[in-house]
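The values are calculated or read from the model by the stated rules, or taken from the named source; none is laboratory data. If you're wondering where the values come from, they're calculated on a predicted model, not measured in any experiment. Cβ placement follows ideal geometry from the backbone for every residue including glycine, while neighbour counts extend to all protein chains displayed.
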Amino acid sequence: MDAFAKHLQAGTECYERGELEAARGHFEHALALAPASVQARYNLAVVYRDLELSESAWVEFIEVIARDGRMAGAYNNLAMLEERLELHGAAETHYRKAIALKEAFPDAQFNLGMLLLRLGRFREGFAKCEWRWQTSRFTPFRAARPLWDGSRLRGTLLVHSEQGAGDAMQFVRFLPMAAERCDRLLFFCPENLFPLFRSIPGLAELRVPGRVELSEFHAYIPLMSLPHVLGTTLETVPSRVPYLQPEPRSVDLGPPRPMTADHLGVAAPHPAFGHPLPAGEGYDHPSPHGRRCREAADEGRPPWRCHPSSL
């Protein structure tokens, strides 16, 4: 194994262990030894991006695309960086280019959907966000019942919450609209949200996540898919406020204590995408291992091991 291949392999191994600075050093050495190597340049760009060196990563991804314009993963990464830099038009163009090169690219489709939602283009944005179930980040609920399409349902509709409590609190505003299109609405969510959600019009029953019999429902849908099947636009977002009415309750706060400096703090600002982004996907942790090199490249992870034949 020559020096270039050793650095390329060592950099990938460091990246997989989360040792980003070490990975950076190995990929920079590899690129110095072989400046024409798309593999080394791409992997270095990924590490720059994970280190939040956005402008350096952007330059390298531009160079990768100039050398190999067929890499969907490079366009997806480039678009994510452009979102960070608030270059929304360029980001949309490059997400769409990634999808044109590889239509079945769930991460690029979902990333485009999230961008469109930020831009207020809800109809297409919510449709694109349905690709989330084909990424490695989400595990869909599956049952031998049809996924609800928003049409009138003669029977019980099961809706289940997904992601965090904040998302649930935002999207339950669509439950009354769904309830108007079915005979009975059954909603599954964490029990600590029951006091906040019991007052939502149209809910027949609240349940905690767990076993449910097929005989209890006739169709199902994730909560955050409701805007898509209901054809939501910026103008048709349910606007009745307040749409949540918490149940009154008393809380014992204990005896008053004097306020001291120890009680004060400042919240740190979050990066545009939360934690440092995993290569090519836009979430908080790296993809599962074991994918083929070309798939890994399309998703934006350093895929190449030690020899160009891995392509």
Exercise for review: Evaluate the following for R49: is it under 20 Å from N77 (Cα atoms), among the basic types (K, R) and either surrounded by fewer than 17 Cβ atoms within 10 Å (Cβ to Cβ) or assigned by TED's automatic domain parsing to the domain that holds D68 (or both)?
Suggested key: yes
Point to revise | Count of residues meeting criterion [farther than 18 Å from F61 by Cα, of a type in the set (D, E, K, R) and out of contact with any Phe, Trp or Tyr (no Cβ under 6 Å at 6 or more places or on another chain)] in the stretch 82-133 | key: 7
Exercise for review: Report yes if L116 is out of contact with any strand residue (DSSP E or B) (no Cβ under 6 Å at 6 or more places or on another chain) and surrounded by 14 or more Cβ atoms within 10 Å (Cβ to Cβ), otherwise no.
Suggested key: yes
Study note, to complete from the structure: Scanning the stretch 163-180 for residues that are more than 17 Å from P201 (Cα to Cα) and either surrounded by 19 or more Cβ atoms within 10 Å (Cβ to Cβ) or free of Cβ contacts under 8 Å to residues at least 60 places away in the same chain (or both) gives G164, A165, G166, D167
Point to revise | In the stretch 158-185, the residues that are among the aliphatic types (A, V, I, L, M) and touching a His at 6+ places or on another chain (Cβ under 9 Å) | key: L158
Revision key, fill the gap. Taking the stretch 45-78 and keeping only residues that are free of Cβ contacts under 8 Å to residues at least 24 places away in the same chain and either touching a Cys at 6+ places or on another chain (Cβ under 7 Å) or under 19 Å from Y15 (Cα atoms) (or both), one is left with L53, S56, E60, F61
**Study point:** Filtered residues of the stretch 169-191 (kept if out of contact with any strand residue (DSSP E or B) (no Cβ under 7 Å at 6 or more places or on another chain) and over 12 Å from P209 (Cβ atoms))
**Key:** M169, Q170, F171, V172, R173, F174, P176, M177, E180
